[in-house]
1. Just checking, which of 72, 17, 65 is open to solvent by less than 80 Å² (accessible area, probe 1.4 Å), under 20 Å from the mean Cα position of the chain (by Cα), at pLDDT below 95 and among the aliphatic types (A, V, I, L, M)?
2. Which numbered condition in (1) open to solvent by 50 Å² or more (accessible area, probe 1.4 Å); (2) modelled with pLDDT of 95 or more is the only one that residue 161 fails?
3. Report yes if residue 172 is in contact with a Phe, Trp or Tyr (Cβ under 7 Å, 6 or more places away or on another chain) and either open to solvent by less than 40 Å² (accessible area, probe 1.4 Å) or not acidic (Asp, Glu) (or both), otherwise no.
4. Considering only residues of segment 84-107 that are surrounded by fewer than 19 Cβ atoms within 10 Å (Cβ to Cβ) and of a type in the set (Ser, Thr, Tyr), which is nearest to residue 199 (Cα to Cα)?
5. Within segment 129-188, which residues are touching a residue at least 24 places away in the same chain (Cβ under 8 Å), of a type in the set (S, T, N, Q) and in a loop (DSSP other than H, G, I, E, B)?
6. Here is a list of conditions, (1) more than 28 Å from residue 98 (Cβ to Cβ); (2) touching a Gly at 6+ places or on another chain (Cβ under 6 Å); (3) buried (at least 22 other Cβ atoms within 10 Å of the Cβ), and residue 133 meets all of them except one; can you say which number that is?
7. Given the condition within 20 Å of the chain's Cα centre (by Cα), within 16 Å of residue 57 (Cα to Cα), loosely packed, with under 13 Cβ neighbours inside 10 Å and modelled with pLDDT of 85 or more, answer yes or no: does some residue in segment 200-210 qualify?
8. Could we say that residue 183 is within 21 Å of residue 61 (Cα to Cα) and either open to solvent by 70 Å² or more (accessible area, probe 1.4 Å) or at pLDDT 95 or above (or both) here?
Amino acid sequence: MGRNEAGLLALDPVEAVAAEARALEVQYGNSTTEEILRAALDTYGDRIGLVSSFGADSAVLLHIVSKIDPNVPVIFVDTRKHFAETLGYRDELAERLGLTDVRSVTPEPEDIAAADADGALWLRDNDRCCHIRKVLPLARALKGFDAWISGRKRFQSAGRSVLPVFEPEEGRVKINPLAAWSAADIIAHMKEHDLPRHPLVAEGYPSIGCRPCTDKVADGEDPRAGRWRGQEKTECGIHFALPGENEDGAGI
């Protein structure tokens, strides 16, 4: 369906997206997760996708979406640095939930050759590594979409504590339908629907990213404490401003 409000179309594109996100937040920000997702899918039709890491909590959002429409595009950024368990979990969930359009996107070979030929960029500059292995592939995969669905939750970190359900981002609306969920809500939903856990959760990994930059978490630590252990970095960058439609990997 896409955007069809004449008032929004008269605005500057950036302002239009911001106004659109505000309007959706007012109307659906306090709705149930299923109501939020149905509203988003009805609003954007084939111009919306779900971005999933197939990580520790991913089964919940994927399960709810699959019950509404298993044909929604699901984008997984395969950085080529993931745990083998994550790739297996991706395949298991896709089959278990009947997801018909899981798209695994990878970094451009030219970008890897130019910036990470030895595969050790994560040691030298992990921000740049995330940029070429996650941010740029996702930006390319989202071209043509007006909106995307994220699994972020407010409890995950201080930086996410005021996360809205609908937010503008670089010409698109990003939807966070699980924003208000707690860790207990996640566990309860998985138990109620007998959803498989990521195999690394039982080994002490409550937040799972790329293999070189993910560590186990001790009892009482922040669930994301094992991501980029000992560094100030807390996000890979895909939830910051993604490169625009006309940007590429130049200058990586």
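1. Within the list 72, 17, 65, the selection yields 17.
2. Only one criterion in (1) open to solvent by 50 Å² or more (accessible area, probe 1.4 Å); (2) modelled with pLDDT of 95 or more is unmet by residue 161, namely (2).
3. Values: in contact with a Phe, Trp or Tyr (Cβ under 7 Å, 6 or more places away or on another chain): yes; either open to solvent by less than 40 Å² (accessible area, probe 1.4 Å) or not acidic (Asp, Glu) (or both): yes.
Answer is yes for this residue.
4. For segment 84-107, the residue satisfying everything is 104.
5. Hits for segment 129-188 are 150, 157, 176, 182.
6. Going through (1) more than 28 Å from residue 98 (Cβ to Cβ); (2) touching a Gly at 6+ places or on another chain (Cβ under 6 Å); (3) buried (at least 22 other Cβ atoms within 10 Å of the Cβ) one by one, residue 133 breaks only (2).
7. no
8. Judged against the criteria, residue 183 is not a match.
The values are calculated or read from the model by the stated rules, or taken from the named source; none is laboratory data. The model shown is predicted, which means the values in this text are computed figures rather than measured ones. We place every Cβ from the backbone using ideal geometry, glycine too, and count neighbours over all the protein chains shown. Areas reflect the complete protein model, heavy atoms only, side chains present, ligands, DNA and RNA absent. Shrake-Rupley method; radii C 1.70, N 1.55, O 1.52, S 1.80 Å.
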